[in-house]
Every structure is written in structure tokens, then in C-alpha cells.
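The values are calculated or read from the model by the stated rules, or taken from the named source; none is laboratory data. Keep in mind that what you see is a predicted model, and the values were worked out from it rather than measured. Reconstructed Cβ throughout: ideal geometry from the backbone, glycine too, with neighbour counts over all protein chains shown.
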Amino acid sequence: MTIISPSILSADFANLERDIKIVENAGADWIHVDVMDGHFVPNITIGVPVVKSLKKVTTLPLDVHLMIENPQNYIDAFARAGADILTFHYEAVSDPVKVVDLIKTKNIKAGISIKPKTSPEVLLPYLNKVDMILVMTVEPGFGGQEFMSDCAKKIEYLRKNASEDLIIQVDGGINAQTGKICKDYGANSLVAGSYIYNSSDIKAAIDSLK
């Protein structure tokens, strides 16, 4: 089964509840929430208050991607707000195990993400400690970018070295064609924003990814 996690970065922020209900009814499995701080990535999006509000309007797990510096300082706040999965960037911390352990104390899933220029080998020590690895196939910061096919090869390497239970999620330029490439390499979760939200048939878009 492929877990589909639509990114609300491509939703209408004036109508987030409506747009979440649309993907929920269309068969989405999770809701992907991109948190950006303007430092780790060159964009600012949303924070804890929005996650808290989203928790009130959906029963789907909130898949929160922290593209921020010092993520360890915000784990407690996002967990309290209702995040079900917290993914931080390997490049943003000095001690990934410490951050994973902190997330686990909140009884939620922990994930580590790597940017396009980061080698997948750096994740080997953590594959048995996390619930999810997120492979970025665009430079994080903005939606609607083009898929970097070279990055997708990291999925195959990680899948060969990971347990079957590990969720390998891919985010960036995902559509029916690139999603199939990722799944063929071993991904079992896809994040898509513009492909889903800009589609004239959102259910068909989600079905095509599944």
C-alpha cells in the first residue's frame, strides 16, 4: 500500500478546512504540513497554531515536515498541537538520535529527511531508530518544482538497507509518472501538492498515485 500525503502548501490557505476535507474524501491517507522558518529554507510558511487548528478539522494523521533550524526546540509544541508524525532534517541538527528520542517521548512517529545534495549513506545509523525517512527530490522551500530524478536513486539504496516496516516517503515534483519511479525504487509514501490540488479531478489524481 502506498501512503498518499497531500501537501497543504498547495491548498488555499483561506479555505484550509475545505481543502483538507476535499482530499480526505478523495482518499488521502495523511495530511502533509510543511513548516518553514525562512532560515533553514528560503521561505516562511506556517507554525504551531495552524497545526493545532488543523487537528480540529481532520481525523487523518498530520504528517509534519519541519524544515527549520533547531527543530529540537519545537518538538514539544508541535506534538502538543497534534502532529502525529514529526520529520526533521538531518542537515539541521548535530545529534539526530537525540532529536529522534525526544520525538519518541511524545508517543508520535519520528522521521528524518535529507536534502537533494545529501548522501543517503548518512542515514544508515538511524534506519532502525526512525519510523520514516523522507527523501527530498527538489530543493526544499517552495512547491511546484521539477522532480530531480537523480535523487530518486537514493530510495533504492535506502530500501536495500532498511527493514520492510520503514516508511520511505518522497516529496518534490511528484505526479503519476514520477510517483511510479519512486515506488519502483521502493518508496511507500508519496507527498504531492500541486499535482493533487491543481487537478480538475482530485480523486483521480490521488488514485493515480496509489
Worksheet item: Going by the conditions given, is I174 in contact with a Lys or Arg (Cβ under 7 Å, 6 or more places away or on another chain) and under 16 Å from L134 (Cβ atoms)?
Response: no
Worksheet, complete the sentence: Of the residues in the stretch 67-96, those that are acidic (D, E) and either over 19 Å from M136 (Cβ atoms) or in contact with a Leu (Cβ under 7 Å, 6 or more places away or on another chain) (or both) come to D76, D84, D95
Discussion item. If the requirement is being modelled with pLDDT of 95 or more and either in contact with a His (Cβ under 9 Å, 6 or more places away or on another chain) or among the aromatic types (F, W, Y) (or both), which of these qualifies: V100, V64, V48, V93?
Written reply: V64
Worksheet item: From the set of residues in the stretch 27-46 that are more than 20 Å from E139 (Cα to Cα) and in a loop (DSSP other than H, G, I, E, B), which is nearest to the chain's Cα centre (by Cα)?
Response: W30
Worksheet item: Can you find even one residue in the stretch 49-59 that is surrounded by 21 or more Cβ atoms within 10 Å (Cβ to Cβ) and under 28 Å from K203 (Cα atoms)?
Response: yes
Discussion item. Exactly one condition in (1) surrounded by fewer than 24 Cβ atoms within 10 Å (Cβ to Cβ); (2) touching a Phe, Trp or Tyr at 6+ places or on another chain (Cβ under 7 Å); (3) under 18 Å from G141 (Cβ atoms) is false for I3; which is it?
Written reply: (3)
Worksheet item: Within the set of pairs 6 or more residues apart or between chains, which connect a residue that is on the phi > 0 side of the Ramachandran plot inside the stretch 173-194 to a residue that is among the acidic types (D, E) and modelled with pLDDT under 95 with Cβ atoms less than 9 Å apart?
Response: G173/E146
Discussion item. I'd like the full set of residues that are among the polar types (S, T, N, Q), part of a strand (DSSP E or B) and touching a Ser or Thr at 6+ places or on another chain (Cβ under 7 Å), limited to the stretch 1-26.
Written reply: S5
Item to complete: Please list, ordered by first then second residue, the pairs with beta carbon atoms under 7 Å, 6 or more apart or interchain, first in the stretch 50-79 and acidic (D, E), second part of a helix (DSSP H, G or I).
Response: E69/A92
Practice prompt. Please work out which residue is nearest to the chain's Cα centre (by Cα), limiting yourself to the stretch 137-172 and to residues that are at pLDDT below 95 and closer than 20 Å to V97 by Cα.
Written response: D165
Worksheet, complete the sentence: Here the residues within the stretch 169-189 that are crowded, with 24+ Cβ neighbours inside 10 Å and either closer than 13 Å to G27 by Cα or β-branched (V, I, T) (or both) are V170, I174
Worksheet item: Which of the residues belonging to the stretch 108-130 are surrounded by 18 or more Cβ atoms within 10 Å (Cβ to Cβ) and either in a loop (DSSP other than H, G, I, E, B) or at pLDDT below 95 (or both)?
Response: I108, K115, V130
Worksheet item: So which residues in the stretch 9-29 are surrounded by 16 or more Cβ atoms within 10 Å (Cβ to Cβ), aliphatic (A, V, I, L, M) and out of contact with any Leu (no Cβ under 9 Å at 6 or more places or on another chain), if there are any at all?
Response: L9, A11, I22, A26
